[in-house]
Each structure stands twice: as C-alpha cells, then as structure tokens.
Amino acid sequence: MIVNFSIQNFGSIKNKQSVSFEADETTHLEEAYVVNTGGTRLLKLALIYGPNASGKTTVLKALDFLRELVLQPVEKKTDELEFEPFLFDSDTPGQHSTLSIEFLQQGIKYLYEVEFSKRAIVREELWFFNSTKENLYRRTTNMENQFTEITFGERITIEKVFEKVLEANTLWNNTVLGGYLKTNIDFKELKQAIDWFKFHLKPMVKTDTNLERYVTAGINSGEIDKEDVIEILKKADFQISDIVIQEKESELDDALFDLLLNRSEEARSEFKLPRGRRSFTTLRPELEHTVNDHRFSLPFELESHGTKRFYGFAGLLAQLIRQPVILPVDELEASLHPELYIHFLLSFLLNAERSQVIATTHHREILSNKDIFRNDAIWFTDKDREAATEIYSLADFDSTVVKDSTNVLNAYKSGKLGATPTPGDHYIDLNE
C-alpha cells in the first residue's frame, strides 16, 4: 500500500507537492476506509478534485512514470526519459526533477526516491524500516563519465562481483531497480521492492484505456474470475448472466505485420502475436442477458458505451477485491451514471481489504453526503500565481472553514475551498 507520494518539478508541479494515504485521527467511516497495518492507519481511497488544467492528472502521470522508470528501463545510454519538467519558469527546465514514494510491502515499509533529468538518473535511494530506518542503497551518477556508482548500506551484505554486475547493468539513465531486472542476481530486498511496483501498483487507467480488452484477456487467461465479474455486473443492475469469449484467428497483411514488428512487446502481447508469426488471435466477448427468464447473447460491439465501461470497471473491482493492488484512475466518473459511480466506490470500500484507489474526478455530489466520504480522502489541485500546481487535502482546513455541520459541496461550489474554475462573463466579442 502507498503511505505517501511526493512530486517536484514534474509537469505542472514546480515545488514539492505530496499526497498522503495516512489517515488522520478521526474514526469516521473507519471500517470502510482505514486499513491498520503494522501500526500505520492507511486510507483505501484518495479522490482528487480541481478545475481543468490544474494538475490532477499530473499526479497520476507522475506515479505512472515512476512505475515505468522501474519496470521498463530504457535500453540505450542515448535514450531520453519521456517527461517534461515545469516549463513556466526560466530556471526549472534546467533543474532536476524528484519523485519519492513510501510504501508497504510484506509488512516492511520502504522509502524510494529518485532524482533525474531527461538524460540521466542523477541520484537514487532506497530505505527500509525494520526496527529503525536503514539505507538499502544510495546511487549517484558521474555525469561527466556517464557512469553509475552504487553504495550499499552498512547492514547490507552483497558479494563484490554482484555489486559490479549490478553497476554494469545500471545505465546512467536507468534506475538501480531497473538495472537489477537485467541481471541474474538474487537480492531479496531489491526483488521485494520491484515486486511491489510490478504486482501491486497498476498502470494508470486513462479515459481512453481499453478496459474491455484488458478484462476480456484477463478472464480468458484466468487472471480475472469470470464469475466475479458477472456477480459485480448483477449487483450493478445489469441483467447479464454469462460472458462468452470466442477466439478468432486472423492473418496479417504485409503492412500491418511490419507495423507490429516495430511495436513494443506490451503492445504486441495485446494481439497474442509471437515474433515471426503472420497471424494473430483476437478475443471476441459476448454478454448473455436474461430478460423475462429468457437468455439472449449480444455481441460486445452492440452493447452501450456505459455497459462496456462498467464491464471494464467490474473486472478492475474484481481485482481490487481479490488482490492487494493500487489503481490510479483518471476521471473515474467517465461514462458512468452517477449512481454507478457511487456504487463502484462503495463496493470497493466495503469489500476490498488492502487495495487502494487514487482517482481524479469532477463528480462533486459525493461531497454533499458525509456518510460516504472522509475529509482526509478528499484532495484538491489548484494553480498558484506562478501557474504551478498546489495539492492540499480537505482535512487541511480548520474548523473556521469546514465544520462538522458544513455542507462541503456548497463550500466547494462557492469557492471557499479553492480548486474551482473562474471563467469570465458569458458574452464573447469576436472582432471581425
């Protein structure tokens, strides 16, 4: 689980900003929202509100970037890291960016921090908390020679030959964790940290992410239980009684074959296309509907956009309940009826044990009902005078602004909490 996440000089974020999953002292909705692990009370949910272009999605992009930095290291020293620093300043484009994350893995708390530019990983540290805070390794980069230097903590035992192998595989624009993936070294602590990024922190779900394809492939492979998805769809008032997946084999023409040869392994895997094959397998789901005790199968492409979207979210919810995962979602309410939006959140909170969702949203109505949200689970993004993103929590406001009796939705709509757009008047004069 994530304890907290900090961002500096990344996208619209200039100065260090943080999102924390640590619960405050209140016990409101404790059983639904709070996981007590190792004496640390962590929230399952963080919802981020704010006007368009305020930096909400930047938080999720930074988290996703960090995941890829670890799991998908670049192959060449000349490759640049794909991100932008804060650009509305004359100094920040030439300064380093920093991401840090504190997380729990198998009962151990880790703190991982990485400082980087487009060309290189400049500094990197991994700490873990046993009885005390201990350094696992510290990495620096000789920028002139483009060479990585790794120093292990005093209580870490590693053979010298392994240390040299790890340094040799950690390019100046790779993280140490990414370099470790290229080796055959047995290093328990590094493996545990990497496993957290690989198995627990999921890729960002964007508004255009093809969740249907992901869930269908998961059901077909057995990674997602079909019966779980059907049960979740039924609970959401979809009259769906079965999911039938058919495999279709297709031949590639020369142009498409050449195109796929140049795509990433992840993209190729969507089509189940091993290298050298000129045919690929697609999965075609059909949803079986029960109407008046009669069953009807409908090809997936004929389903409504909302049904397709919630089919995808049903698969995600099944994973959140069955496995301890962290799911970043951009615009959670996209294509969902407001009631289904609330249904998804409450189903997650009441059934998932150690999973977390961090999502951007414009769905304000939840703020009018304190029976379903905690103040420390609500976050806002706004721009300061330098056009840089500021991140703050509803729990940061004292009782002079937010009282127990305050209607938070009305306070937000009136601008008392910030993070709302301020457009001008509605009359537009277009000079001819």
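As for the range 20-31, it holds at least one residue that is within 20 Å of VAL3 (Cβ to Cβ), buried (at least 19 other Cβ atoms within 10 Å of the Cβ) and of a type in the set (A, V, I, L, M, F, W, C).
Can you give me the number of residues within the range 280-336 that are in a loop (DSSP other than H, G, I, E, B) and open to solvent by less than 40 Å² (accessible area, probe 1.4 Å)? Counting residues in the range 280-336 that are in a loop (DSSP other than H, G, I, E, B) and open to solvent by less than 40 Å² (accessible area, probe 1.4 Å) gives 7. Filtering the range 191-218 to residues that are in contact with a strand residue (DSSP E or B) (Cβ under 8 Å, 6 or more places away or on another chain), of a type outside the set (A, V, I, L, M, F, W, C), in a helix (DSSP H, G or I) and under 20 Å from PHE348 (Cα atoms) leaves HIS200, GLU212. Of all residues in the range 219-243, those being assigned to a helix (DSSP H, G or I), crowded, with 18+ Cβ neighbours inside 10 Å and touching a helix residue (DSSP H, G or I) at 6+ places or on another chain (Cβ under 6 Å) number 5. The residues of the range 122-139 that are more than 17 Å from GLN192 (Cβ to Cβ) and touching a strand residue (DSSP E or B) at 6+ places or on another chain (Cβ under 6 Å), listed by number, are VAL122, ARG123, ARG138, ARG139. Reported count of residues in the range 85-112, each being open to solvent by less than 50 Å² (accessible area, probe 1.4 Å), under 21 Å from ARG155 (Cα atoms) and either in contact with a Ser or Thr (Cβ under 9 Å, 6 or more places away or on another chain) or part of a loop (DSSP other than H, G, I, E, B) (or both), is 5. Return the residues of the range 213-231 that are among the charged types (D, E, K, R) and over 16 Å from LEU320 (Cα atoms); say none if nothing qualifies. Within the range 213-231, ARG213 is the sole residue that qualifies. Here ASP384 fits the description: within 20 Å of SER54 (Cα to Cα), charged (D, E, K, R) and open to solvent by less than 80 Å² (accessible area, probe 1.4 Å).
Taking the criterion of being modelled with pLDDT of 95 or more, within 17 Å of the chain's Cα centre (by Cα), open to solvent by 20 Å² or more (accessible area, probe 1.4 Å) and under 21 Å from ASP195 (Cβ atoms), would at least one residue in the range 2-15 satisfy it? Yes: the range 2-15 contains one or more residues that are modelled with pLDDT of 95 or more, within 17 Å of the chain's Cα centre (by Cα), open to solvent by 20 Å² or more (accessible area, probe 1.4 Å) and under 21 Å from ASP195 (Cβ atoms). One residue stands out in the range 315-335 among those that are modelled with pLDDT under 95 and of a type in the set (Gly, Ala, Ser): the one that is farthest from THR58 (Cα to Cα), namely SER335.
Remark: pairs (first residue in the range 141-154, within 14 Å of ASN169 (Cβ to Cβ); second residue among the aromatic types (Phe, Trp, Tyr) and open to solvent by less than 50 Å² (accessible area, probe 1.4 Å); Cβ separation under 8 Å; 6+ apart in sequence or on different chains) = PHE147/TRP172; THR148/TRP172; ILE150/TYR137.
Scanning the range 297-312 for residues that are of a type in the set (Phe, Trp, Tyr) and over 13 Å from PHE238 (Cα atoms) returns a single hit, PHE300. Within the bounds of the range 300-310, is there any residue that is touching a Lys or Arg at 6+ places or on another chain (Cβ under 9 Å) and aromatic (Phe, Trp, Tyr)? Checked against the condition, which is being touching a Lys or Arg at 6+ places or on another chain (Cβ under 9 Å) and aromatic (Phe, Trp, Tyr), the range 300-310 yields at least one hit. Looking only at the range 387-411, residues that are open to solvent by 50 Å² or more (accessible area, probe 1.4 Å) and either polar (S, T, N, Q) or touching a Gly at 6+ places or on another chain (Cβ under 9 Å) (or both) come to 6 in all.
May I ask you to list the residues in the range 19-65 that are part of a helix (DSSP H, G or I) and under 13 Å from the mean Cα position of the chain (by Cα)? Working first, answer last.
Going residue by residue through the range 19-65, those that are part of a helix (DSSP H, G or I) are 30-33, 56-65.
Once the filter is applied, which keeps residues that are part of a helix (DSSP H, G or I) and under 13 Å from the mean Cα position of the chain (by Cα), the range 19-65 yields LYS56, THR57, THR58, VAL59, LEU60, LYS61, ALA62, LEU63, ASP64, PHE65.
Looking only at the range 122-133, residues that are closer than 21 Å to VAL3 by Cα and surrounded by 14 or more Cβ atoms within 10 Å (Cβ to Cβ) come to 6 in all. One residue stands out among those in the range 37-56 that are open to solvent by 40 Å² or more (accessible area, probe 1.4 Å) and either out of contact with any Lys or Arg (no Cβ under 8 Å at 6 or more places or on another chain) or hydrophobic (A, V, I, L, M, F, W, C) (or both): the one that is modelled with the lowest pLDDT, which is GLY39. Taken over the range 372-394, residues that are under 20 Å from LEU332 (Cβ atoms) and not in a strand (DSSP E or B) amount to 7.
The values are calculated or read from the model by the stated rules, or taken from the named source; none is laboratory data. Please read all numbers here as calculations on a predicted model, not as lab measurements. Cβ atoms come from the backbone with ideal geometry, glycine included; neighbour counts cover every protein chain shown. These area figures cover heavy atoms from the full protein model, side chains too; ligands, DNA and RNA do not enter into them. Shrake-Rupley method; radii C 1.70, N 1.55, O 1.52, S 1.80 Å.
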